[in-house]
Amino acid sequence: MLGVALATIQQELGLSQTAAHWVVNAYLLAMTCLVALGGKLCDRISRRATASTGVGLFATASLIAGLAGDGGWVIGARAIQGTGAALMFPAAWAMVTRAFAAEERGHAFGIMVTISAVFMALGPFAGGLLVDHASWRWIFWINLPFCAAIIAMVLLAGPESADADDAATGTAAEPAAIGPLDLRGLFALLAGLTALVTALMEGPNWGWGSIWTLGLLALGLALMALFVTIERSRTLPLIDLDLLKIPTFTGGNLVFVAFQFNKITVFVFCALFLQDVMEFPAMTSGLIVLAGTVPTFFTSFLGGKAADRWGSRPPLLLALAINTAALVCVALAMALE
């Protein structure tokens with residue numbers, strides 16, 4: 001929803017182009033820095049508690065964002081939303097992973113993504129409808145009843161699910177190794193990414209050769225190097241960097257990066273292009289963006305079934321090829337305008 005509402009938010013609150021981008025990036029930055037912490041909390045506390053806390057934070061931030069009177073409040077609320085999402089997503093994936101055996105997880109994840117695709121498909125259209133006929137504030141407030149329903153379902157669910165693979169074999173899983181949280185690594189990651197993102201976003205305004213831009217870039221790189229050093233020295237790191245030595249793990253994450261890049265490009269920047277350059281109303285922009293989400297409703301389910309039957313590589317390669325061709329077409333269409 002935010003993509004089709006961002007131009008209106010920018011105009012009504014008098015945001016600069018960079019500040020408008022911070023409305024998007026504050027969420028992504030907070031989620032990126034804290035999602036590993038969310039996974040750790042699932043192991044240390046419980047998946048249900050982590051999920052419900054994340055949803056509660058997301059709901060609170062949605063209320064604040066809708067009440068915001070200036071850009072600073074919206075950006076701050078979006079950062080809190082990202083924090084909530086960083087707790088929700090690891091818990092949700094862990095719940096599904098624990099509930100299904102390995103040979104059923106592709107199908108289960110396909111259903112999960114299909115449900116997500118329904119709301120993702122409705123989001124741009126509903127967001128455009130709310131912006132044109134109510135207020136941009138409702139794109140945040142509409143989250144509240146959904147968040148309340150999710151918290152109720154999580155809390156009213158049965159006890160934490162056992163690992164389906166363990167249930168099938170009759171063995172008990174070894175408890176996860178629990179140790180002190182890697183706070184030094186967390187702070188280094190948070191500060192390093194914040195410095196790098198700030199430098200890249202503000203560089204056009206400050207000048208790429210300015211002391212502020214170069215200083216933040218140097219600080220960010222130094223902190224990220226410190227983060228790697230800290231993680232390699234710990235027995236229980238925040239992020240186990242040795243996982244990157246596993247080709248399937250690294251490949252899967254690169255595919256996810258490509259998917260997220262594609263999604264942000266279409267849902268945010270294409271929506272802004274349609275409104276700012278093409279001068280379409282928010283609802284029309286939402287309908288155009290909707291065209292890119294409807295197929296996900298069908299393909300996510302089929303992709304999960306295909307992964308269970310033939311492995312993950314064939315559907316991933318096909319998806320990457322289709323996304324590449326689609327982005328080339330979008331780029332050519334924009335170049336013609």
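Here are a few things to note about the model shown:
- Ellipticity at 222 nm from helices only: DSSP H runs of n ≥ 4 in the chain, each -39500 (n - 2.57), divided by the residue count, give -26500 deg cm²/dmol.
- The residue list G56, L223, A77 was ranked by how far each Cα lies along the charge dipole of the chain toward its positive end, using unit charges on Cβ atoms, and L223 comes out on top.
- The mean of 1/r over all pairs of different alpha-carbon atoms in the chain, once inverted, gives a Kirkwood hydrodynamic radius of 21.8 Å.
- Extent of region 183-237 along its three principal axes (Cα atoms, max minus min coordinate, largest first): 42, 13, 10 Å.
- Translational diffusion of region 200-328, µm² s⁻¹ [Kirkwood Rh, Cα pairs; Stokes-Einstein; 25 °C; 0.890 mPa s]: 132
No value in this document is a laboratory result; all are computed from the given coordinates. Nothing here was measured: the structure is a model prediction, and the numbers come from that model. Using ideal geometry, Cβ is built from the backbone for each residue, glycine included, and neighbour counts are taken over all protein chains shown.
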